[in-house]
Amino acid sequence: MSTPDQIPPQAAPWLSIVGIGEDGLAGLGDEAKAAIAAAELVFGGTRHLELADAAIRGERHGWLSPFERSVDAVLSVRDRPVVVLASGDPFFYGVGVTLSRRIARAEMRVFPAPSSFSLAASRMGWALQDTLCLSLHGRPIDLIRPHLHPGSRILALTSDSDGPAALAALLAENGFGASTLTVLEALGGARERLSSHRAETFALTDADMLNVCAVEVVAGSAARVLAYTPGLDDGLFEHDGQITKREVRALTLSALAPKRGESLWDVGAGSGSIGIEWMLADPSLRAIAIEGNTERAARIRRNANNFGVPGLSVVEGAAPAALAGLAAPDAVFIGGGGSEAGVMEAAIGGLKAGGRLVANAVTTEMEVVLLAHHARLGGALTRIDVTRASPIGQMTGWRPAMPVTQWSWVKPAKQIEE
């Protein structure tokens, strides 16, 4: 497989990526139209090929499924004049991103057109830099959930004609029914149409397949708003009591210290709260929840969807056996089962060099394990005591929660180990 790093920097451009809108050739510059006319092969979706039909002189090739086959087809004709047609801006959730993973910049010319987000912002009169742009095209609609904050403006690209209704239903079901949802259809073409609706009374039934939804978020008193800071309210999670409580969770995530692009093992995940909040910190973060209880594993999946991180991977099985074969993580959290034979050893062994491990103990058995590892490997020990005010008859008193012993440790780099 070719990669951009394998391409000589002096390679001449042979591939032109042309962004085309619903206005077809009329919206293209002279260079883009000349590139299409000069191409021996033109790749694109059926709609794109129709929009550019009058300028195409070479062979037409529609996209194949899976799409990687089409990428291979484009690469197979390297050094011949090739055009790839794309929607709008090819490098904003577009085909250009995919192609650039295997084709060097020096080998391509790019002619972007306005993206559907740019067109939508211009129609709405919204400042694009202050608007969240989110692609739900071919992706779970739940991804919008973390962004539903009062006063937010969101532009969401949907997958099909059913997308706006599904989005309206999600808003209404989560306490955002008073939000305004504007459906912008077939932007930039003769079929362009805009219509505004209240989410809870949404009734549009004939939306165009090509649509962007502009959401002006209004939160009701019971709206499910996910705060930006770690330590979300325990009541937001579905759980059976097996959950890292919010104060301890906030301190645990601080110790785990997620960084862009990193992955986490959440061992003995319970409700999945640690893995979920890890992923909420940044869209680039990934997590695997390892849980041996079937009912809890199903609950984790529901929680992940409800918190807008459907990409959370759930491995159903007990550690240490369930850890075998998993990709090495940048961080590990052990919240349950850490006192079982082999669990700590497997977690430490699987962790990347330089990675962080955080383990919490509420039982004396697990505390003994953590004290032993701290004595042998170092790291930091923290005692977490939380006391909450609660009613005592007609008065109020302090009730302590179970204390938590936390061990955090950074795995030495290989050169240090050696």
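The values are calculated or read from the model by the stated rules, or taken from the named source; none is laboratory data. Values in this document were obtained by computation on a predicted structure and should not be read as measured data. Note that each Cβ is placed from the backbone with ideal geometry, even for glycine, and that neighbours are counted across all protein chains shown. SASA here: full protein model, heavy atoms, side chains in, ligands and nucleic acids out. Shrake-Rupley method; radii C 1.70, N 1.55, O 1.52, S 1.80 Å.
Taking every lysine pair in the chain that is 8 or more places apart or spans two chains, those with Cα atoms closer than 24 Å amount to 6.
Roughly speaking, what is the stretch gain from ILE348 to ASP385, that is 0.36 nm per residue apart minus the C-alpha to C-alpha distance, in nm to one decimal?
On the way: separation 37, 0.36 × 37 = 13.32 nm, distance 2.64 nm.
Separation in residues times 0.36 nm, less the Cα-Cα distance, equals 10.7 nm.
Modelled spin labels at ASP240 and LEU64, positioned 7 Å past Cα toward Cβ, are 4.8 nm from each other.
Expressed as a fraction of 2.2 N^0.38 Å, the C-alpha radius of gyration for the stretch 73-119 is 1.19.
Relative to the dominant Cα principal axis of the chain, helix 246-256 is inclined by about 70°.
The ALA321 and ARG105 beta-carbon pair, evaluated with R₀ = 51 Å, returns a calculated FRET efficiency of approximately 0.65. Just how far, in whole angstrom, is the stretch 310-367 from the stretch 192-212 if you go by their alpha carbon centroids? Taking the Cα centre of each part, the stretch 192-212 and the stretch 310-367 sit 46 Å apart. Could you work out what % of the accessible surface of the stretch 135-280 is carbon and sulfur, using a 1.4 angstrom probe and leaving DNA, RNA and ligands out of the count? That share works out to 51 percent.
Here are a few candidate values for Rg/Rh (Cα atoms, Kirkwood Rh): (1) 1.10; (2) 1.06; (3) 1.01. Which one was actually calculated from the structure I just gave you? Read-out from the structure maps to (2). Think of the chain as having a plus end and a minus end, set by charges on the Cβ of Lys, Arg, Asp and Glu; of ALA222, ILE392, ALA34, ILE392 sits farthest toward the positive end of this dipole. Applying 1/(1 + (r/R0)^6) with r as the Cβ-Cβ distance of ARG193 and GLU340 and R0 = 60 angstrom yields a FRET efficiency of 0.50.
Considering only DSSP beta bridges whose two residues both sit in the chain, what percent are antiparallel, to the nearest 5?
Values: 34 of 72 bridges.
Counting only bridges with both partners in the chain, antiparallel ones make up about 45 percent.
Evaluated with a Cβ-only charge set (Lys, Arg +1; Asp, Glu -1), the chain carries a dipole of roughly 620 debye about its Cα centre, given to the nearest 20. Among GLY325, ILE288, LEU210, pick out the residue whose Cα is farthest towards the positive end of the charge dipole of the stretch 200-330, where Lys and Arg carry +1 and Asp and Glu carry -1 on C-beta, about the Cα centre. Of the listed residues, the answer is GLY325.
Once the Cα-Cα distance is subtracted from the 0.36 nm per residue extended length, the ALA26 to ARG260 segment shows a gain of 80.1 nm. Please check: in the Gaussian network model of the chain (C-alpha springs, under 10 Å), which one of GLY125, GLY19, GLY188 has the largest mean-square fluctuation. Maximum fluctuation in the GNM of the chain, among the listed residues, is at GLY125.
Using a 1.4 angstrom probe on heavy atoms only, work out the carbon and sulfur share of the accessible area of the stretch 305-418 in %.
On the way: 3480 of 6100 Å².
Exposed carbon and sulfur together represent 57 percent of the surface.
Average accessible surface for the chain: 48 Å² per residue, computed with a 1.4 Å probe over protein heavy atoms with every protein chain in place. Think of each Lys and Arg Cβ as +1 and each Asp and Glu Cβ as -1; about the Cα centre, that makes the dipole of the stretch 105-203 roughly 280 debye.
Computed from phi, the 3J(HN,Hα) profile of the stretch 148-164 under the Karplus parametrisation 6.51, -1.76, 1.60 (θ = phi - 60°) reads 7, 10, x, x, 5, 10, 10, 9, 10, 7, 9, 7, 6, 5, 8, x, x Hz, with x in place of Gly and Pro.
Take 203-209, 108-114, 178-184 and order them by the average number of nearby Cβ atoms within 10 Å per residue, most first; the result is 178-184, 108-114, 203-209.
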